[in-house]
Amino acid sequence: MSDDDLRAVFPAASDPAILTELRSMTQVYSLSAQDLFYKHEAFLLSRPSGLRTKLSTFTLDVARELRKEIQREFSAKRVTATPDKVGVRKRPISSDIGGFLDNLTPQRPSRQRLSNAGNLVNIPSPQNKFTTPSRTPTAAPVSSAYRPTKLGVTPGRAAPTSPISGGESESPGDLKPASQPFRSRPQPLQLLETLNPHLTTGDGAPHGSRPRVRITGTADSKDWDYRYMFEKISVRSEALDEQIDEFAEVIKEGYGLADLGDPHLPSEDDIYVASATALYLQSSRVLGGGHVVPLRFAPAGELKVRGGAPGVRGFGLFPGALVCVKGRNGGGSAFVVNEVLQPPPIEPVATPRDDLLNYQQGEALGGLPISVHIAAGPYSLDTDLLYEPLEALIDIACDERPDVLVMLGPFVDAAHPLIQAGQLSVSPVELFREQVAALIARVHDASPATLVVLVPSVRDLISKHAAYPQAMLDREGLGLSKKVRLLPNPSTFNINEVQIAVASPDILFHMRREEVFQRADEAEPDPTTPANPNPQGDPLANLVRHVLGHRHFYPLFPPPEKDASEVNLDVTHWHQLRMDQAPDVLVLPSRLKHFAKTVDGTLAINPGHLSRMNAPGTFTKITIHPSDPKAFEDNTELDGDLVTNDVFDRARTEIWRI
């Protein structure tokens with residue numbers, strides 16, 4: 001490797017001292033000039049934004065700091081790769097040396113290490129089973145004090161057999177029961193958050209009445225019941241290119257751009273580029289031949305952002321994010337960005353004026369509000385399969401009689417500790433039929449006007465489709481009546497004129513963990529908007545804005561490695577994850593803090609999960625009021641035209657603890 005290679009990627013290498021330092025790093029750590037450049041970029045992104053600005057100018061001190069970072073990484077790899085000595089087995093530290101005292105000495109309690117693997121956050125990791133055996137057992141196996149005998153029986157229905165195997169002893173890896181029973185939980189049915197509190201709550205559907213609303217959707221089961229695990233790399237690549245090309249058309253139409261350039265080609269003038277990004281730009285084959293180009297941002301004070309939320313001084317990036325940037329590739333080695341164009345707002349949902357008046361003021365509703373309850377699984381605590389949180393939700397639905405009850409999976413969770421431990425003595429379908437379907441039947445008996453909507457999860461054992469996008473549940477064998485609507489995941493459906501979009505994967509949590517926020521000045525700041533002390537603004541609203549701006553239910557690609565099994569993303573069917581319009585209500589359950597907020601004209605809701613491991617969770621109530629009919633009567637020009645629904649302005653949203 002010559003010095004010219006280093007000068008090509010590090011312009012500061014014209015300084016002989018810096019060139020000597022770079023040459024030394026390439027020789028000591030066996031790195032090419034390009035690999036050293038990538039490590040420098042990773043080194044900058046791992047630093048806070050303020051320090052990153054100071055380090056952006058490559059000096060001799062920065063080169064020495066980079067050497068220290070590479071040395072730490074190199075040393076960590078060597079320690080990890082060093083094998084234990086052959087024939088030597090490490091003994092566990094114990095006060096009873098060799099077991100000679102037969103456990104007569106008190107044992108110091110060992111600290112259990114917390115693990116975040118999979119979806120079992122903060123569950124004690126299993127202990128190491130490959131320790132040297134002592135002469136006598138350290139302790140006799142302790143059986144759990146919890147012995148469920150019923151499946152959550154409610155008055156009026158027979159007690160089915162327990163799905164929990166009732167052996168005398170249990171596995172040592174069993175989870176500890178909750179500190180208190182679910183029915184003794186503190187502060188049940190507590191109101192946690194309200195959006196638009198000036199609006200009143202509805203009274204629900206009248207007793208014994210027929211459904212007052214209609215649920216319509218365009219999902220065809222034939223389109224969703226596709227064969228997964230048959231993807232080809234070439235087809236996946238074409239699907240990703242299609243997303244970039246479609247995004248480019250949205251950008252050109254939204255900003256009035258005539259043409260987009262190729263970031264791979266050197267240029268002296270600034271060009272606009274649409275591509276997928278992480279630490280680099282990757283254009284489609286149509287726009288730029290599919291080349292991968294390293295990405296750099298202009299120094300602080302020169303980098304601008306256009307089209308973002310007012311007051312947000314910066315933008316977020318994550319793997320697979322689609323961006324439109326303005327800049328140039330002066331030397332052919334990297335594309336330097338000086339302006340970022342945020343996606344234009346997606347078109348809102350509109351309804352013909354006559355249909356809107358008929359839905360809201362017709363004979364069915366008569367000007368009364370619509371009541372919707374929304375909950376997301378899991379529906380049972382981690383210590384049992386009694387489905388007590390679900391039973392509490394059903395009791396509320398029977399008492400308040402909402403027009404629609406929307407339930408998102410998982411219903412029989414593959415990540416449930418008891419199911420993973422093999423302590424389920426019935427099939428998942430039987431468990432669903434005896435627990436979930438029986439409780440849903442209570443809703444139809446108590447409130448015939450309530451419509452129930454079920455959306456599955458990739459973690460659902462009752463689903464035959466284990467990929468995302470996911471087909472709707474198969475009604476056969478589940479014991480569900482024909483009144484229950486089974487929809488795919490994700491799904492967009494209408495309750496009268498109100499369009500609701502739901503998806504069960506935790507896209508907000510996944511993006512939040514992968515997102516990197518880059519500070520930038522607003523290209524056209526609004527003088528009427530006061531300066532926000534936090535340049536990032538509302539982080540949760542920004543995550544929702546990513547979903548809406550990308551017109552995609554899961555814009556992250558690839559999914560995080562730790563959470564890939566919760567998604568099983570099928571890229572070739574990405575068009576079924578696409579949003580053609582901004583829904584009136586967007587429901588994205590997440591492990592992040594529950595919220596209900598308005599984002600770019602869409603009512604965005606995170607209802608949380610009904611069960612949070614060993615603790616009760618949250619759910620959402622929405623009361624959608626009709627539009628003011630006088631606004632239509634006074635304006636005769638609206639006759640026959642489309643009217644935006646503006647549900648965010650006429651919906652009272654409440655987050656409740658179950």
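Looking at the stretch 40-51, can you tell me whether even one residue there is basic (Lys, Arg), surrounded by 14 or more Cβ atoms within 10 Å (Cβ to Cβ) and over 41 Å from the mean Cα position of the chain (by Cα)?
no
Quick grid of which residues meet (1) surrounded by 12 or more Cβ atoms within 10 Å (Cβ to Cβ); (2) modelled with pLDDT under 50:
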| residue | (1), (2) |
| --- | --- |
| Arg135 | no, yes |
| Ala159 | yes, yes |
| Pro163 | yes, yes |
| Leu195 | yes, no |
| Thr200 | no, no |
| His207 | no, no |
| Arg212 | yes, no |
| Gly217 | yes, no |
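How many residues are more than 19 Å from Ala276 (Cβ to Cβ) and modelled with pLDDT of 90 or more when one looks only at the stretch 543-562?
So the answer is 1.
List pairs: first in the stretch 235-258 and free of Cβ contacts under 8 Å to residues at least 60 places away in the same chain, second loosely packed, with under 15 Cβ neighbours inside 10 Å and assigned to a helix (DSSP H, G or I), Cβ under 6 Å, 6+ apart or cross-chain?
Close Cβ pairs satisfying both conditions: Asp241/Arg285; Asp245/Val286.
Can you pull out every residue in the stretch 378-398 that is in contact (Cβ under 8 Å) with a residue 24 or more places away in the chain and not hydrophobic (A, V, I, L, M, F, W, C)?
Pro378, Tyr379, Ser380, Asp382, Thr383, Asp384, Tyr387, Glu388, Pro389, Glu391
Looking only at the stretch 584-602, filter to residues that are modelled with pLDDT of 95 or more, more than 17 Å from the chain's Cα centre (by Cα) and not charged (D, E, K, R); which one of those is surrounded by the fewest Cβ atoms within 10 Å (Cβ to Cβ)?
Thr598
Answer with yes or no whether Asn329 is over 26 Å from the mean Cα position of the chain (by Cα) and modelled with pLDDT under 90.
yes
Could you tell me whether the stretch 503-521 includes any residue that is out of contact with any Cys (no Cβ under 6 Å at 6 or more places or on another chain), among the acidic types (Asp, Glu), in a strand (DSSP E or B) and not assigned by TED's automatic domain parsing to the domain that holds Ala375?
Checked the stretch 503-521: at least one residue is out of contact with any Cys (no Cβ under 6 Å at 6 or more places or on another chain), among the acidic types (Asp, Glu), in a strand (DSSP E or B) and not assigned by TED's automatic domain parsing to the domain that holds Ala375.
Within the stretch 432-451, which residues are surrounded by 20 or more Cβ atoms within 10 Å (Cβ to Cβ), touching a helix residue (DSSP H, G or I) at 6+ places or on another chain (Cβ under 9 Å) and among the aliphatic types (A, V, I, L, M)?
Val436, Leu439, Ile440, Val443
For the stretch 452-500, which positions are hydroxyl-bearing (Ser, Thr, Tyr), crowded, with 23+ Cβ neighbours inside 10 Å and more than 14 Å from Phe411 (Cα to Cα)?
Correct list: Tyr468, Ser491.
When you check Ser457 against the structure, is it under 15 Å from Leu486 (Cβ atoms), at pLDDT below 95 and assigned to a loop (DSSP other than H, G, I, E, B), yes or no?
Answer is no for this residue.
Specify the residue that is farthest from Ile605 (Cα to Cα); the eligible residues are those in the stretch 526-544 that are part of a loop (DSSP other than H, G, I, E, B) and free of Cβ contacts under 8 Å to residues at least 40 places away in the same chain.
Taking the candidates together, the pick is Pro527.
Somewhere in the stretch 231-244, is a residue outside any helix (DSSP H, G or I) and at pLDDT below 90?
yes
Given the criteria farther than 30 Å from Phe517 by Cα and either at pLDDT 55 or above or touching a strand residue (DSSP E or B) at 6+ places or on another chain (Cβ under 8 Å) (or both), does Ala17 qualify?
So Ala17 fits the description; yes.
Search the stretch 603-619 for residues being hydrophobic (A, V, I, L, M, F, W, C) and assigned to a loop (DSSP other than H, G, I, E, B), and hand back the single one that is modelled with the highest pLDDT.
My answer is Leu610.
Are there any strands (runs of 3 or more DSSP E) wholly within the stretch 311-352 with 2 or more residues that are buried (at least 20 other Cβ atoms within 10 Å of the Cβ), and if so which?
Per the criteria, 314-317, 321-328, 335-341.
Output the number of the condition that Gly549 fails; it satisfies all remaining conditions of (1) without any contact (Cβ under 8 Å) to a residue 12 or more places away in the chain; (2) crowded, with 16+ Cβ neighbours inside 10 Å.
(1)
Every residue in the stretch 9-38 that is in a loop (DSSP other than H, G, I, E, B) and in contact (Cβ under 8 Å) with a residue 40 or more places away in the chain, please.
Across the stretch 9-38, the qualifying residues are Phe10, Asp15, Tyr29.
The values are calculated or read from the model by the stated rules, or taken from the named source; none is laboratory data. Note that the coordinates shown come from a computational prediction; the quantities given were computed from them, not determined experimentally. We place every Cβ from the backbone using ideal geometry, glycine too, and count neighbours over all the protein chains shown.
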